[in-house]
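Note sheet for the following structure.
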Amino acid sequence: MPGLVQTAAMLSRPHGFLGRCRRRYGNVFTVHIAPYGRMVFLADPALVKQVFTGDIHLFHVGGVRGRILSPLLGEHSLLLLDEERHMRERKLMLPAFHGEALRRYPELIREIAEEEVRTWPTREPLALRPRMQAITLEVILRVVFGVREEDTRDRLRVVLGNLLDEGTLLLFLATAFDRDLWWFPPWRRFTSTRRQADELIFETIRRRRADPAGDDVLSLLIQSSGEGDDALSDEELRDELMTLLIAGHETTATALAWAFERLTRHPQILARLRSSLEAGEADYLDAVIKETLRVRPVVMEVGRDVTAPVELGEHTLPAGTRVMSSIALVQRASDSWPDPLAFRPERFLDSQAAPYTWIPFGGGPRRCIGASFATQEMAAVIPVVLDHFDLVPDRPEPERSMTRNVTQVPARGARVILSPRTRARELAAPEREAAPA
Ligand code: HEM
């Protein structure tokens, strides 16, 4: 197929196109995606593991990612660094995303979700993805940046919202043409918005350095990075905050949107989830989250550039090859997952996924640092929504998956119709649920 046709197929029907490629060519095949060129896709868990856990000097995150994201994230971003610099910065960031630190976040996340759902309209179609983005942006501002002052939060909400809206298409254009677009008015607007965002972020960092005793991620980063030459500089902190925003905001909102898109197409699963939550059990919720991330992965693949010739299965890839570990193909393979397209959370109750067959957060030394944060956030938000509303889809057919930036989103925004759950209905619910049995 001509490269442009392959690109169009990847953008419009990524799951279908990659599935057809695998059926025709097997677990290793090449796709041409403009403007980036040829990429080798891997759909075999063993080969994906080899790349994820391979020598950090051999597998780099690569120039493409840097070219697209560095104008926004800066040169110190964890997502863009390689080798020892990446390991140093990751080590400094890990404590804020593990153990004791993680236990402090869900309460505030629930509070934020409670505030947001109170504003939702009922009895009319509502696209959930933008509503989830409002929650996850607020979580980034309060739990990650830890902005305590309401006026700074209001200003950041507007500026960061504009930056995300303006930035993405422009960053793609800048990459496609591989040059500074200073002459292009929307690009100048983007750089001016970025400057405003930076001023607010630097102000937040200065205030936190003066009083770093908070429970938020920024305070923990300042505490864990210590003092002296090893400490993270203000510029490094700025780039990491921007990275956490970009990596953690849309991804989690989209995963939440998909959870409701799937649940509303499976009323029995939704009913079982409700009753398990009412019984105070968390296992089924955990299984619903895992199954959502399996069958509707938000990030379909992650790329690496190989820096020297490398043997992968039967193939020798020359230096400079871009390798894409396909999360979507691995998680929808029928040899690992019986009836792979079915939404069936029970599969996570009965058994554990085989190694490298469930990889929504990647793997190895670059595995998503926010994986537990994201699943906790989902586990905090889903019960709040279910507590307030009954949900049905606005149309019975499933929503298509559509590419937006690097994520796969429900094409119609996960549209549902909500109706309030009243006390009387809650009391009536057990009888209603009991009847079909
Ligand atoms: C459902 C939500 C999320 C999904 C599906 C997701 C997915 C991923 C994936 C696949 C990677 C690996 C990239 C690679 O191998 O190159 C990654 C990396 C990363 N994610 Fe997430 N992510 C999510 C939420 C979050 C959250 C909430 C945060 C932080 C608040 C976050 C921060 C990061 C960072 C900093 C990295 C780079 C790690 C490194 O290179 O060492 N992510 N994410």
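The values are calculated or read from the model by the stated rules, or taken from the named source; none is laboratory data. In this text, all values refer to a predicted model and were calculated from it rather than measured experimentally. Neighbour counts are summed over all protein chains in view; Cβ atoms, including those assigned to glycine, are modelled from backbone coordinates with ideal geometry.
Filter segment 392-408 for residues that are within 12 Å of the ligand (Cβ to nearest atom) and either surrounded by fewer than 19 Cβ atoms within 10 Å (Cβ to Cβ) or modelled with pLDDT of 95 or more (or both) and give the result.
At the first step, the residues of segment 392-408 found to be within 12 Å of the ligand (Cβ to nearest atom) are 406-408.
Hit for segment 392-408 is THR407, nothing else.
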Open item on the list: Considering only segment 411-431, I want to know if a residue exists there that is under 15 Å from the mean Cα position of the chain (by Cα) and modelled with pLDDT of 95 or more.
Closed with: no
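From the residues in segment 76-90 that are at negative phi and more than 10 Å from the ligand (Cβ to nearest atom), which one is surrounded by the fewest Cβ atoms within 10 Å (Cβ to Cβ)? Talk me through it step by step, then tell me what you get.
The initial filter retains those residues of segment 76-90 that are at negative phi, namely 76-82, 84-90.
So of that shortlist, the ones also more than 10 Å from the ligand (Cβ to nearest atom) come out as 76, 84-85, 88.
Numbers: HIS76: 20, GLU84: 10, ARG85: 13, ARG88: 13.
Among them, the one singled out is GLU84.
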- [ ] State the number of residues belonging to segment 292-323 that are within 13 Å of the ligand (Cβ to nearest atom) and of a type in the set (Asp, Glu).
- [x] 2
Open item on the list: Restricting to segment 30-58, give me the number of residues that are farther than 23 Å from ASN405 by Cβ and either part of a strand (DSSP E or B) or without any contact (Cβ under 8 Å) to a residue 24 or more places away in the chain (or both).
Closed with: 2
- [ ] Select from segment 342-391 the residues that are modelled with pLDDT of 95 or more and among the hydroxyl-bearing types (Ser, Thr, Tyr) and write down the one among them that is nearest to the ligand (Cβ to nearest atom).
- [x] THR375
TODO: Hey, can you tell me all the residues within segment 223-242 that are out of contact with any Gly (no Cβ under 8 Å at 6 or more places or on another chain), surrounded by 15 or more Cβ atoms within 10 Å (Cβ to Cβ) and at pLDDT 90 or above?
DONE: GLU236, LEU237, GLU240, LEU241
Open item on the list: Yes or no: segment 239-255 includes at least one residue that is touching a Pro at 6+ places or on another chain (Cβ under 7 Å) and within 13 Å of the ligand (Cβ to nearest atom).
Closed with: no
Open item on the list: Looking at segment 111-122 only, could you name the residues that are closer than 19 Å to GLU261 by Cβ and in a loop (DSSP other than H, G, I, E, B)?
Closed with: TRP120, PRO121, THR122
Open item on the list: Among (1) closer than 22 Å to ALA353 by Cβ; (2) at pLDDT below 95; (3) not aliphatic (A, V, I, L, M), there is one condition ASP283 misses while meeting the rest; what is its number?
Closed with: (2)
Task: Matching residues in segment 127-156 - criterion: being among the hydroxyl-bearing types (Ser, Thr, Tyr) and within 16 Å of the ligand (Cβ to nearest atom) - done: THR136
Open item on the list: Tell me yes or no: at least one residue of segment 278-287 is within 15 Å of the ligand (Cβ to nearest atom) and surrounded by fewer than 18 Cβ atoms within 10 Å (Cβ to Cβ).
Closed with: yes
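Looking at ALA282, ALA197, ALA213, can you tell me which residue is among the small types (Gly, Ala, Ser) and under 30 Å from VAL392 (Cβ atoms)? Lay out the reasoning, then the answer.
Values: ALA197 fails: under 30 Å from VAL392 (Cβ atoms); ALA213 fails: under 30 Å from VAL392 (Cβ atoms).
Going through ALA282, ALA197, ALA213 in turn, the sole match is ALA282.
Inside segment 240-328, counting only strands (runs of 3 or more DSSP E) that do not spill past its ends, which hold 3 or more residues that are more than 25 Å from the chain's Cα centre (by Cα) and not acidic (Asp, Glu)?
It comes to 315-317.
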